[in-house]
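Here the structure is laid out as structure tokens; the discussion comes afterwards.
The values are calculated or read from the model by the stated rules, or taken from the named source; none is laboratory data. Quick caveat, the model's predicted, so the values are computed rather than measured. Heads up, the Cβs are rebuilt from the backbone with ideal geometry, glycines too, and the neighbour counts pull from every protein chain shown.
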Amino acid sequence: MAHHVDAAWNFVFWVSAFFAVLITGLIVLFAVKYRYRPGVREKADPAPHHHLGLEVAWTVPPTLLVVAFFWVGFRGFMDLATPPENAYDIQVTGQKWNWLFTYPGGYVDPDLHVPVDTPIRLILSSQDVIHSFFVPAFRIKRDVVPGRYNKTWFQSPTPGTYQLFCAEYCGTSHSKMLAKVVVHPPGQFERWLADASNFLDKMPPEQAGEKLYQQRGCPQCHSVDGKPGTGPTFKGLFGSTQPIAGAGAVVADENYIHESILNPAAKVVAGFEPVMPSFQGKLSDREIDAIIAYLKTLGAGNAGGQKK
Ligand code: CUA
């Protein structure tokens, strides 16, 4: 896509630069040439009259230029709007404040991994507010809107790692809503996906839980070192008693953690906003068990360092 976008941008830029120099130059030239001089009067007959050649000259070429702008932009837009039939589909989910990429087998990763030289179709949706999927190196930007699916596509000819941004202000940690695009050399994407997909089978639950904690965007809101964030810290959370806004207190046991992941608004810890997205359908019970196993390794008792 980059050559379309760059061609349109360069075209508009150089046409604009040409006219900016021409018009500014003429303004300066005329201001000097026709400046006021004492004793010099304007001509006696200032009545306006037509100059057909001049009028055609300032009407036809600009019209053709604007049509050319449209054509260059429209050609690129049509290409951008029509992914090839054989594209590889990846589901993109934006949520406050991370990206999730779901591969055809169901594996979810916080980074976008793709094979080189392959058309990739992205199906974008949001869990909460409007985000914007932006990869400057590929010149693609698409809004990620709750309640609908947007699509975009790209094909990268060069293996490497590229930065992905959220380009729509979406709240406190908007600027941290980042991810990488990893373009794998031929043959390596399949190997990466097969290897990444079966971590629940390969790792002990605590380790798999930590991986899920990192992958699914939990660190954006839940620290593991006791620092308060958008949500309560996970340090010492498991087994502690947490005050619930307007409804007494609850012990953060397996049942509470499970409920809070699937239905975060049910029992919000006092002092925090109910802003967490639900992970219903996004995390399996096996994955939630792994996260609970990880939480248990972060110390038990009351958060904030109180030991029983
Ligand atoms: Cu998501 Cu800004």
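Listing for the model above:
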quantity	calculated
So V28, is it more than 30 Å from F134 (Cα to Cα) and at pLDDT 90 or above	yes
Checklist (1) part of a loop (DSSP other than H, G, I, E, B); (2) more than 26 Å from H113 (Cβ to Cβ) applied to L283, failing item	(2)
Residue in the range 64-71 that is in contact with a Gly (Cβ under 8 Å, 6 or more places away or on another chain), surrounded by 14 or more Cβ atoms within 10 Å (Cβ to Cβ) and over 30 Å from N198 (Cα atoms) present	no
Qualifying residues in the range 130-144 (those that are within 15 Å of the ligand (Cβ to nearest atom) and either among the β-branched types (V, I, T) or not assigned by TED's automatic domain parsing to the domain that holds Q95 (or both)) - the one surrounded by the most Cβ atoms within 10 Å (Cβ to Cβ)	V144
Any pair with Cβ under 8 angstrom, 6 or more apart, that starts in the range 225-248 at a residue that is touching a residue at least 12 places away in the same chain (Cβ under 8 Å) and farther than 18 Å from A293 by Cα and ends at one that is acidic (D, E) and loosely packed, with under 13 Cβ neighbours inside 10 Å	T230/E273
Tally, over the range 257-267, of residues that are farther than 25 Å from A179 by Cα, at pLDDT 90 or above and surrounded by 18 or more Cβ atoms within 10 Å (Cβ to Cβ)	2
Residue among A57, A17, A31 that is surrounded by 11 or more Cβ atoms within 10 Å (Cβ to Cβ), under 50 Å from the mean Cα position of the chain (by Cα) and not assigned by TED's automatic domain parsing to the domain that holds T152	A57
Every residue from the range 151-186 that is more than 30 Å from I292 (Cα to Cα), surrounded by fewer than 17 Cβ atoms within 10 Å (Cβ to Cβ) and touching a residue at least 40 places away in the same chain (Cβ under 8 Å)	K151, P157, T158, P159, P185, P186
Qualifying residues in the range 108-129 (those that are out of contact with any Phe, Trp or Tyr (no Cβ under 9 Å at 6 or more places or on another chain) and surrounded by fewer than 20 Cβ atoms within 10 Å (Cβ to Cβ)) - the one farthest from T230 (Cα to Cα)	D117
Number of positions in the range 134-148 that are more than 19 Å from A87 (Cα to Cα) and assigned to a strand (DSSP E or B)	4
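So that you can scan it fast, the table gives a plain yes or no per residue for (1) buried (at least 20 other Cβ atoms within 10 Å of the Cβ); (2) modelled with pLDDT of 85 or more:
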| residue | (1), (2) |
| --- | --- |
| D195 | no, no |
| N198 | no, no |
| Q207 | no, yes |
| E210 | yes, yes |
| Q220 | no, no |
| T230 | no, yes |
| F238 | yes, yes |
| T241 | no, yes |
| I244 | no, yes |
